[in-house]
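The next block holds one structure in the form of C-alpha cells; read it before the comments.
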Amino acid sequence: MSLPPPARDRKPQGRLFAVVGPSGVGKDTLMEGARARRPDLHLVRRVITRPETAGGERFEGVTPEAFAARKAAGDFALDWSAHGLRYGIPRAELAPLAAGRDVLFNGSRAALAPARERFPALRVILLTAPPEVLAERLAARGREGRAEIEARLRRASFELPPGIEAREVVNDAEPEQGIARLLAAIGAEPQS
C-alpha cells in the first residue's frame, strides 16, 4: 500500500459551486462572463432532456430514453428533474476539481440537499433579482408564453432547503456588475 504524498506536495482540490436562482435571473450570462474573466474556472456542460436548438446555455440535449440509459450506466455525478425536464451533471465534468480548478454548475434549488450529501464541501451561490427584472428578462428570451412566465415568477421566491446556506448575489443591473458580484462571491482563485 502506498502512502499519499506529503501535504506540501499535493495539489489543492478545486472548489465546487452550485449557482442557483429563479429562471431569468441571469445564471448562464453571469457564469459565462465569470469564465471570460477567469479562464481557470470550469463551467459544467449539463445534459438536459430538451433539444439543443432550445437555446440558452451550452448543454448536451438528449432524449428521455438516452438520459435514462446514461443514468443507469452511472454517467451522472448528480441528476434531478425540474420543469418537466431531466438534468444531469456528467462525472467527467467534475474532473477539473482534482487539478485544483474551481467548477461551477447551473443547479436547481430543489436538488441542493442531495447535491450536498454527495459533495459535502459544495458551495452555493443564490442569484436573485427583483420580480420586475425577472419578468422583463423572461419575456425577452422568448421561450415561454405569458402563463409560463407568470408560473416561473410565482416560483421565484422558492426557499432553499433547510440547512443549506448560500452567498446571495443580486443581479439587478448590467451584466458587468453582476459578473463582478458573482466573482466576488466565488472569491479568490485556489492556491496552486
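The values are calculated or read from the model by the stated rules, or taken from the named source; none is laboratory data. This is a predicted model, so every value here is computed, not measured. A quick note on method: Cβ atoms are made from the backbone with ideal geometry, for glycine too, and the neighbour counts reach across all protein chains shown.
Some notes on this structure:
- Taken over region 176-189, the residue count meeting the criterion of being of a type outside the set (A, V, I, L, M, F, W, C) and not in a loop (DSSP other than H, G, I, E, B) is 4.
- Region 162-175, residues that are part of a loop (DSSP other than H, G, I, E, B) and loosely packed, with under 15 Cβ neighbours inside 10 Å: PRO162, GLY163, GLU165, ALA173, GLU174
- Of all residues in region 56-89 being at pLDDT below 95 and loosely packed, with under 12 Cβ neighbours inside 10 Å, the one that is farthest from the chain's Cα centre (by Cα): GLY84
- One residue from ARG181, ARG155 being closer than 22 Å to ARG37 by Cβ and of a type in the set (D, E, K, R): ARG181
- Among residues of region 121-150 being in contact with a Leu (Cβ under 7 Å, 6 or more places away or on another chain), part of a helix (DSSP H, G or I) and modelled with pLDDT of 80 or more, the one that is surrounded by the fewest Cβ atoms within 10 Å (Cβ to Cβ) is PRO131.
- Which listed residue is surrounded by 16 or more Cβ atoms within 10 Å (Cβ to Cβ) and under 17 Å from the mean Cα position of the chain (by Cα), from LEU153, LEU112: LEU112
- Within region 25-71, the set of residues being of a type outside the set (D, E, K, R) and assigned to a loop (DSSP other than H, G, I, E, B) comprises VAL25, GLY26, PRO39, LEU41, VAL44, THR49, PRO51, GLY55, GLY56, VAL62, THR63.
- Among (1) among the small types (Gly, Ala, Ser); (2) in a helix (DSSP H, G or I); (3) farther than 20 Å from ALA34 by Cβ; (4) out of contact with any strand residue (DSSP E or B) (no Cβ under 8 Å at 6 or more places or on another chain) - the single one GLY74 does not satisfy: (2)
- Screening region 151-166 for residues that are among the small types (Gly, Ala, Ser) and either under 15 Å from SER108 (Cα atoms) or in contact with a His (Cβ under 9 Å, 6 or more places away or on another chain) (or both) and picking the one that is modelled with the highest pLDDT gives ALA166.
- Selection count where residues are within 20 Å of LEU30 (Cα to Cα) and in contact with a helix residue (DSSP H, G or I) (Cβ under 7 Å, 6 or more places away or on another chain), scope region 154-169: 3
- Scope region 17-38; condition among the charged types (D, E, K, R) and farther than 12 Å from LEU126 by Cα; matching residues: ASP28, GLU32, ARG35, ARG37, ARG38
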